[in-house]
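One structure below.
The values are calculated or read from the model by the stated rules, or taken from the named source; none is laboratory data. Bear in mind the structure is a predicted one, so any value in this text is a computation, not a measurement. No Cβ is skipped: glycine too gets one built from the backbone with ideal geometry, and neighbour counts run over all protein chains shown. Surface areas here come from the heavy atoms of the whole protein model, side chains and all, with no ligands, DNA or RNA. Shrake-Rupley method; radii C 1.70, N 1.55, O 1.52, S 1.80 Å.
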Amino acid sequence: HPLVREAVVIARDDSGGGLHLVGYVASGQDGNPDSKALRDFLKERLPDYMVPSRIIALAELPSTPSGKIDRRALSNLAAPGAEDERAITLPRNPVEEILLGIWREVLGLHNIGIEDNFFELGGHSLLAMRLISKVREAFRTEIRLRSLFDSPTIEALAREISEAGRMGISASADPIRRQPRDSSPPLSYAQQRMWFLDRLAHGNATYIIPTAIRIEGRLDIGAFALSLREVVARHESLRTTFAVSDDQPVQIINEVPDPVLPVIDLSGLESSLLEAEVSRQVKRDAREPFDLDGGYLFRARLLILGGEDSLVLLALHHIVSDGWSMGVLMGEVSALYQAHMQGEPFTLPDLPIQYADYAMWQREWLAGDSLAEGLSYWKRQLSDAPALLELPTDRPRPAIQSLRGGSESVVIQRDVSKAVKEMSREEGVTLFMALLAAYQVMLFKYTSQPVIAVGTPVAGRTRAETENLIGLFVNTLVLKTDLSGNPTFRQLLKQVRDVVLEGYAHQEVPFERLVEEIHPDRSLSVSPLFQVMIVVENAERPESELQGLSMSMLGSETESSKFDLTLMVRDSGEELIAAIEYSSDIFDAETIARMLAHFSQILEEVSAAPDLRLNKVRMLSESERHKLLKEWSQTERIALPDACAHELVEAQVSKTPKNIAVADETIRLTYEELNDRAERLSALLRSLGIGPESRVAVCLPRSCSLVVSLLAVLKSGAAYLPLDPHYPLARLLFM
């Protein structure tokens, strides 16, 4: 652009853990460029996903001492509240002003106009649910998620809110308030299911949430332990155990444990022994079961590795935590630690409620008409869903799921990842919706079942009071799509969009309550209502740097799987990274790696041509097609003599009489010996009146005797009737 002398684009975390692009430009000699004009300039030349959501004009781009662009300094300029030169339309009424404040908080951006598109600014489904929660709190008005998709600007959403106010549409439930603790609080529906599963397999480590955080830098252990202790004291869920009262499970709120952060000093070990011991400690922490009745369901350990390296091991039982909670936990510990290190008085904002208050509210609210309406929707939606997705497996299902599992992953090619994102924007769907549709296409091709039901977790924090709580709020939705009629992928996307939006609109019905209501055929070998899941990661992530410390998460190997398949996709900014967690009871790793390749191929096909009908969407790569059609399907015909099978064996005797012709576990026969035995048995058959038009039953296991017998029958001129010795006697007699 003639007004731009130098430019750089960086990807920045938004407040919901996603990424958005921010552009920085150094103005040219002819003047300061207009941000809107630059965005329009880029939109003519680039796909939407490559156009920065914000462009900031500077006199000079900051540089490092070596002369390179200082990206860290630019990131600081991108902090919420930084201004750019983009022309915006300001709010014109109080509703738009309030919405603007909500959008700024949710998106982590400041310079937003009432005509800006929520999703073009980096919004996604998780942030959309947070926005709707805040709208409900601010206006006491219920806005459906579909309304945000259909009206993704402040201007349009303000009209929706005003119209809802005129029609008297209020929020569907009262705010959650603190409840008196006259007795031990009940469990939430999700907790009750976790409690029941623990009773079925007591001591199972499947529902442990382990986190290992490598810290580089001089960690103040006292300040860190104090910060962690304050968070444990702040959240009752981290101090909760469970008991049975009047035959019902209840929550027991305990005091803060002491110590809250045991320290294990490994600094004296040699490097080879240190690596092995760290690996042992990490695995132990991920596998050591919790006792729901007696022990705390949160534990932390600090490993001193030597120098300025340390490792924090955190483990929580799923009954008191979820993925969102881990972000809350690390965020609060980080804030408190920073305040302690700076010697500043600091307290976190008071929590309006505790998790037990939510559990009591949920029980009360779902006793009314809201639950009945939600259950009615889900029963209609899932009325024709298959009880079992009949995937081809490597082994038969065991009678009882062991929950043993593994994981395989693949990086989707960068150009394919970009094409999928661009298609999603053009079709007005989220990345999750596009990935779900492609996943269902793959499952359809594997099973030939037109109705595909896939589970997916939702944060479950639809109320503003729950946003900053640690606890189990996550719920599971069953998203059912009908792929019959050979639609185009574009048509399938529209159906998936509707299914997802309606599912989100009814997400407060607990999955556990839905299973009770539908009464599917229960089996310990499969999960009810669905057996495959999809997870697109966009939860908040903890800060990677803090007060001179560098923090990084250590990966862990998956050794369990709650479902047959769970597709997990993470957007790294430039590429999509897909992984499948699978049940090792029924699948091999090679099968899952091939399945991931098929998923990648489907994404490439549909993103390039969304109007392809499903029967034209290929999931085999060219190399795999060549292997199947060419290498494994050699169909050249070999000219054979015009002779019967026993005559060909006789001809072979004259060529290689001493070569081995047939062998079993006990004997080996040459061609000469095979033919001789068959001749003698054939003579016996003929002496008994066997000849042309006769039929001879042959009931033998696979053995040399079986081959001798078949050749003997053919030599007699008769036909043979093969009988399996393992068949029941009555069946053999009938045959």
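Structural remarks
- Among residues other than residue 732 with Cβ under 15 Å from its Cβ, the summed charge is +1 (Lys and Arg +1, Asp and Glu -1).
- Counting only alpha carbon atoms, the long axis of helix 125-139 and the longest principal axis of the chain meet at about 40°.
- Entry for percent of Cα pairs over 47 Å apart (calculated from the structure that is shown) out of (1) 34; (2) 20; (3) 24: (1)
- Protein-only accessible surface at a 1.4 angstrom probe places the residues 358, 671 in the order 671, 358, largest first.
- Here the 3J(HN,Hα) profile of the range 634-641, calculated from phi with Karplus coefficients 6.51, -1.76 and 1.60 at θ = phi - 60°, is 6, 10, 4, 8, 9, 5, 10, x Hz, Gly and Pro shown as x.
- Efficiency of FRET between residue 660 and residue 683 - r from beta-carbon atoms, R0 30 angstrom, step 0.05: 0.75
- Per-residue surface analysis assigns residue 533 an accessible area of about 20 Å², computed on protein heavy atoms at 1.4 Å probe radius.
- Of all accessible heavy-atom area on the chain, the percent that carbon and sulfur account for (1.4 Å): 50
- When both bridge partners sit in the chain, DSSP labels roughly 80% of those beta bridges antiparallel.
- Between 0 and 90°, nearest 10: helix 323-342 axis offset from the chain longest Cα axis: 40
- Residue 526 accessible area, assembled protein chains, probe 1.4 Å, Å²: 30
- Take the Cβ atoms of residue 195 and residue 553, set R0 to 45 Å, and the FRET efficiency comes out at 0.95.
- Here the range 579-735 carries DSSP beta bridges of which approximately 40% are antiparallel, counting only pairs with both residues inside.
- For residue 292, the shell of other residues with beta-carbons less than 15 Å away shows a net charge of 0, using +1 for Lys and Arg and -1 for Asp and Glu.
- The range 254-384: antiparallel DSSP beta bridges as a percent of all, rounded to 5: 75
- Heavy-atom accessible area per residue - the chain, 1.4 Å, Å²: 49
- Cα gyration tensor shape of the range 617-729, rounded if a/c is under 1.5, else prolate or oblate by comparing a/b with b/c: prolate
- Folded to 0 to 90 degrees: helix 189-200 orientation relative to the chain principal axis, Cα: 40
- Probe 1.4 Å - accessible area at residue 598, Å² to nearest ten: 10
- For the set 160, 502, 344, solvent exposure ranked by accessible area (probe 1.4 Å, protein chains only) runs largest to smallest as 344, 160, 502.
- Between residue 695 and residue 390, the FRET efficiency estimated from the beta carbon spacing at R0 = 35 angstrom works out to 0.35.
- According to the calculation over all Cα-Cα pairs in the range 199-320, the P(r) per 5 Å bin from zero is 2, 10, 19, 21, 18, 14, 9, 5, 2, 1, 0 %.
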